[in-house]
Each structure stands twice: as structure tokens, then as C-alpha cells.
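Peer 1: The structure's right below; bear with me while I get my questions together.
The values are calculated or read from the model by the stated rules, or taken from the named source; none is laboratory data. Keep in mind the model is a prediction, meaning the values are calculated, not measured. When we count neighbours, we look across all protein chains shown, and the Cβ atoms used for this are built from the backbone with ideal geometry, even at glycine.
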There are 4 protein chains.
Amino acid sequence: MYGYTPSKDDYLTRLRRIEGQVRGLQRMVEDDKYCIDILTQVSAATRALQSVALGLLEDHLAHCVAHAAAEGGEVAEAKIREASDAISRLVKS
Amino acid sequence: MYGYTPSKDDYLTRLRRIEGQVRGLQRMVEDDKYCIDILTQVSAATRALQSVALGLLEDHLAHCVAHAAAEGGEVAEAKIREASDAISRLVKS
Amino acid sequence: MYGYTPSKDDYLTRLRRIEGQVRGLQRMVEDDKYCIDILTQVSAATRALQSVALGLLEDHLAHCVAHAAAEGGEVAEAKIREASDAISRLVKS
Amino acid sequence: MYGYTPSKDDYLTRLRRIEGQVRGLQRMVEDDKYCIDILTQVSAATRALQSVALGLLEDHLAHCVAHAAAEGGEVAEAKIREASDAISRLVKS
């Protein structure tokens, strides 16, 4: 059980849609579509992935991090440090 | 013929790899993998998409925009404005 | 007392340095420096601001959010939602 | 003369406003303002800096890069490569 478990189906639906967007990008390249139109679709797929990440992160904070924080001590510190590192990777990606 | 045409195969290979990463994300969610590990993979897929976008953009500047700039006039202005809008979407996504 | 309070002096030093970078940008524009050199400095100032934000966020999670999570209930939920919104703004900025 | 020269005053006004935002951030830290409120202002300053960067970049493409592209040859290639590198730094910052 993780924070995202109750929303698994929703995440799977969104990830399948992103997979479809990436396959759509391949078709655009194969069919010699205009560069700018491809870039627009890449931006859309990137935003969709970021939105999945932000959802997973909120679920993680609300569940795993909150539980660890309630316990306190080193477990809490480690979880918060781990979440901060993930946020940092997300902001820089 | 667009800027990316000579590198079509390379872009297709990269996009297929990204499709594989997104399918891998679905498996991670299905198999109840740890949230932070999923987030790390989402960041990797996002970076890979951004890298494709930056490549397409450089090819576009070097080819379509450069040709339009050589012609000058309104065509050049329109192409540069269009490229700037795409860069803006990319920076904000 | 907030999460960042013990590191106030460090944050002030970093923010003064960023203020200096932004003043340096004004001098570059006034002195007609080359666009790309100005852009490089804008990227550096942006990264420095983002790094301050990530630091403040980690302090906030480790202190305010952790305390609220230890209390639990609606206070905890509200704090986590608020932090998630801040993370979202940061990722999108 | 660079692409941004005709808009120098506008850029200086915007950069002075960003300098004011960064000084405002220092006051917020000194006055022990709430972390999330500080983060909201950091996001605003970051977005303002990015907007300056996107403006400078568009001016640069419309002027320096367009001129170099009209000349063609190695000069054009070097300018486009240099602009692409700046775009890449911007996207990643």
C-alpha cells in the first residue's frame, strides 16, 4: 500500500494516454510532419508526465511522508530528505 | 524535407525508447513499486523528451529558420516568431 | 519559528548574492554586452533562485509539514495540500 | 547594436523590478514570513527572470541569428549552435 494505490487505475489511464502521445510523435516523425507541430506535441507529453509526477508526489507526501513524520525520529528525517531529493530532480528535469 | 529529416531514424529510436520508459512506468504502478522509484523514472522520461525537443529545435533553427532568414522579410519574421513561441512553450513545460 | 529560521543568515546571504546578480544583469544591458552572455547570467540567477526555493521547501517539509503530519487530521491534510501546490508552482515556473 | 538594443529601457525596467522582488524576498526572510508565502514570491521572481530570458532570446534570433543566417556558411552554423546551447541552458534551468 502506497499513497498512489487508491488511484492506480487513474494513473494507469494517464500513463497509457502518454504512451499513445509518444507513439503519435513517432508517426509524426515518420510522416514528415512540420517540426513545430511535433514540438507542440512533445511539450504536451512533457506536461502530462509532469502532471503525473506532481500527483504521485502529493500522494507520497500525504501517505508515506505523513506516516513517517507521525513516527518522528530518523525515519521521518530520511523520508523527508528522500522526498526533497525527488522534488529537486523534478524541478530540474 | 525538414531540419530533422536526415536524423529521422535517430529520433525514432529515441522516441521508441521513451515509449518503452512510459510502458515501464505502467508496469511499476501495476506492480506497486515504491513511489519515489516511480518518480525517478518519470524524471528520466521527462528529460529524454526534453532532449528530443532540444534536438528538433536545433535542427529547425539550422534548417527552416536559417532558410527563411536568408530570404528575409515577413517570411523570416514569421518563422522566428513561431520558433520563439515554441521555445517559450518548451521552457514553460 | 519556521523551518528556515535556523538558516536565516544563510538564506539572506544567498538572496543578497542573487540581488547582486540581477544588478549585474542591468549593467550588462546598459553596457551593451552580447545577448548570449546576458542569457548565461540570467540562467545562473534563475538556478540560484530555484536552489533557494528547494532549500526553503525542504526546511518547510522537515518542520511545518512534519509537525502538522504528527498532529494528523485536517491540519495535516491542509498543510500537505498547501506544500503540494507550492511544489507544483515551482515545477511549472 | 544587438537585437535587444531598441528595447534596452524596457529590459532595464523589468530587471529593476526583479531586483526589487529579490530585495522583497530578503525582507520576508528577515521578518520571519511564512515559508509558503516566500516560496510564492520566489516562483514569481523566477518566472519574471525567465520571461526576460525569452525576450532576449527572441530579439537575438530576430537580429544576430537572422543576420548570420543570411550570410550563411560557418558563421551561420556557429551562431545557431550558440543559440541552441543557450536555449538548452534555459530549458534546463
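Peer 1: Just name the residue that is farthest from C:Leu54 (Cα to Cα) out of those in the stretch A:69-93 that are crowded, with 20+ Cβ neighbours inside 10 Å and more than 8 Å from chain C (Cβ to nearest Cβ).
Peer 2: A:Lys79
Peer 1: OK, next. Look at A:Gly24 and say whether it is of a type outside the set (D, E, K, R) and on the phi < 0 side of the Ramachandran plot.
Peer 2: Yes, satisfied.
Peer 1: Let me ask you something else. Could you count how many residues in the stretch A:42-53 are touching a residue at least 24 places away in the same chain (Cβ under 8 Å) and more than 14 Å from chain C (Cβ to nearest Cβ)?
Peer 2: 1
Peer 1: If I filter the stretch B:54-63 for residues that are crowded, with 18+ Cβ neighbours inside 10 Å, in contact with a helix residue (DSSP H, G or I) (Cβ under 9 Å, 6 or more places away or on another chain), of a type in the set (D, E, K, R) and at the interface with chain D (Cβ under 8 Å from one of its Cβ atoms), do I get at least one hit?
Peer 2: Among the residues of the stretch B:54-63, at least one is crowded, with 18+ Cβ neighbours inside 10 Å, in contact with a helix residue (DSSP H, G or I) (Cβ under 9 Å, 6 or more places away or on another chain), of a type in the set (D, E, K, R) and at the interface with chain D (Cβ under 8 Å from one of its Cβ atoms), which makes the answer yes.
Peer 1: Also, I was wondering about something else. What residue, among those in the stretch C:29-41 that are more than 14 Å from D:Asp85 (Cα to Cα) and touching a Leu at 6+ places or on another chain (Cβ under 8 Å), is farthest from the other protein chains (Cβ to nearest Cβ)?
Peer 2: In this case the residue turns out to be C:Glu30.
Peer 1: In the stretch B:7-25, how many are surrounded by fewer than 17 Cβ atoms within 10 Å (Cβ to Cβ) and at the interface with chain A (Cβ under 7 Å from one of its Cβ atoms)?
Peer 2: Qualifying residue count, the stretch B:7-25: 4.
Peer 1: Looking at D:Tyr34, D:Tyr4, which is the one that is out of contact with any Ser or Thr (no Cβ under 9 Å at 6 or more places or on another chain), crowded, with 18+ Cβ neighbours inside 10 Å and either closer than 30 Å to C:Thr5 by Cα or of a type in the set (Ser, Thr, Tyr) (or both)?
Peer 2: From the options D:Tyr34, D:Tyr4, the qualifying one is D:Tyr4.
Peer 1: Looking only at helices (runs of 4 or more DSSP H) that fall completely inside chain A, which ones have 2 or more residues that are modelled with pLDDT of 95 or more?
Peer 2: Counting at least 2 such residues, we get A:8-30, A:35-60, A:73-92.
Peer 1: Can I ask one more? Determine which member of the set B:Glu58, B:Glu77, B:Glu71, B:Glu82 is in contact with a Ser or Thr (Cβ under 7 Å, 6 or more places away or on another chain) and acidic (Asp, Glu).
Peer 2: Of B:Glu58, B:Glu77, B:Glu71, B:Glu82, the one residue that is in contact with a Ser or Thr (Cβ under 7 Å, 6 or more places away or on another chain) and acidic (Asp, Glu) is B:Glu58.
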